[in-house]
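Some notes on the structure that comes next.
The values are calculated or read from the model by the stated rules, or taken from the named source; none is laboratory data. The structure displayed is predicted, hence computed values, not measured ones. Quick reminder, even Gly has a Cβ in these numbers, built from the backbone with ideal geometry, and neighbours come from all protein chains shown.
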Amino acid sequence: MDTVLIAIDGSPSAHEAAAFGLELAADHEATATFVLAVPELDVVPTGGFGLTAAVPHVPTDTEREPLEEALRLAEEAGIDVEAKLLRGDPVDEIVAYADAVDADLIVVGSRGHGALTSALLGSVSRGILREARRPVLVVRGTAARRPAPLAAV
């Protein structure tokens, strides 16, 4: 494994995915890249009668914070990483970027929404699983730890 792409969004499950992805990258001496997707456009009202317009989205410091936090986590672990802010639909952008860098693995968190919430709001992890043509590791929002090695008999 040469390249691990770790998708983050600031959620607790994304933090777990970041930690697990970093551990995998370190174990395999692979390059780790954090990605965070923000909207490309904002829809704003332009007047009466419900008229709207789309304007380019300018990422805020608050939106960039998950990337900064992930970079701090990597620095504390002594792991060199790259970070990329993507603009657009999270599923499309993450999958396209993974293809562009020829990632060997996409690591993403799962917030664990129920079926109804996922159906209404969508699920980035499910979308990535559906669209990606490369391995995807979904880390649940609970502490992800590897099992202890089996003792020799």
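Applying the selection to region 139-151, what residues are buried (at least 16 other Cβ atoms within 10 Å of the Cβ) and either modelled with pLDDT of 95 or more or not aliphatic (A, V, I, L, M) (or both)?
Step one: list which residues in region 139-151 are buried (at least 16 other Cβ atoms within 10 Å of the Cβ), which gives 139, 141, 144.
If the condition is that a residue be buried (at least 16 other Cβ atoms within 10 Å of the Cβ) and either modelled with pLDDT of 95 or more or not aliphatic (A, V, I, L, M) (or both), then Gly141 is the only one that fits.
With respect to the numbered conditions (1) at pLDDT 95 or above; (2) β-branched (Val, Ile, Thr); (3) out of contact with any Phe, Trp or Tyr (no Cβ under 7 Å at 6 or more places or on another chain), which one is the sole condition not fulfilled by Val81?
Against the list (1) at pLDDT 95 or above; (2) β-branched (Val, Ile, Thr); (3) out of contact with any Phe, Trp or Tyr (no Cβ under 7 Å at 6 or more places or on another chain), Val81 comes up short only on (3).
Considering only region 1-49, give the strands (runs of 3 or more DSSP E) lying wholly within it that have at least 1 residues that are more than 9 Å from the chain's Cα centre (by Cα), under 15 Å from Ile94 (Cα atoms) and of a type outside the set (S, T, N, Q).
3-7, 31-38
Is it fair to say Ala18 is at pLDDT 95 or above, touching a Leu at 6+ places or on another chain (Cβ under 9 Å), buried (at least 16 other Cβ atoms within 10 Å of the Cβ) and under 17 Å from Leu137 (Cα atoms)? Break it down into steps so the answer makes sense when it comes.
Numbers: at pLDDT 95 or above: yes; touching a Leu at 6+ places or on another chain (Cβ under 9 Å): yes; buried (at least 16 other Cβ atoms within 10 Å of the Cβ): yes; under 17 Å from Leu137 (Cα atoms): yes.
Spelling it out, Ala18 is indeed at pLDDT 95 or above, touching a Leu at 6+ places or on another chain (Cβ under 9 Å), buried (at least 16 other Cβ atoms within 10 Å of the Cβ) and under 17 Å from Leu137 (Cα atoms).
Name the residues in region 54-97 that are part of a helix (DSSP H, G or I), more than 16 Å from Val4 (Cβ to Cβ), without any contact (Cβ under 8 Å) to a residue 40 or more places away in the chain and of a type in the set (A, V, I, L, M), would you?
Matches in region 54-97: Ala96 only.
Quick one: which residue in Val136, Val124, Val101, Val108 is closer than 16 Å to Pro12 by Cα, at pLDDT 95 or above and out of contact with any Asp or Glu (no Cβ under 6 Å at 6 or more places or on another chain)?
Among Val136, Val124, Val101, Val108, only Val108 is closer than 16 Å to Pro12 by Cα, at pLDDT 95 or above and out of contact with any Asp or Glu (no Cβ under 6 Å at 6 or more places or on another chain).
Inside region 22-53, can you point out the residues that are without any contact (Cβ under 8 Å) to a residue 24 or more places away in the chain, of a type in the set (A, V, I, L, M, F, W, C) and surrounded by 11 or more Cβ atoms within 10 Å (Cβ to Cβ)?
Leu41, Val43, Ala53
Cβ-Cβ below 6 Å, separation at least six or inter-chain, first residue in region 3-15 and farther than 17 Å from Leu85 by Cβ, second surrounded by 19 or more Cβ atoms within 10 Å (Cβ to Cβ) and of a type in the set (Ser, Thr, Tyr): which pairs?
Note: pairs meeting the criteria are Ser13/Ser110.
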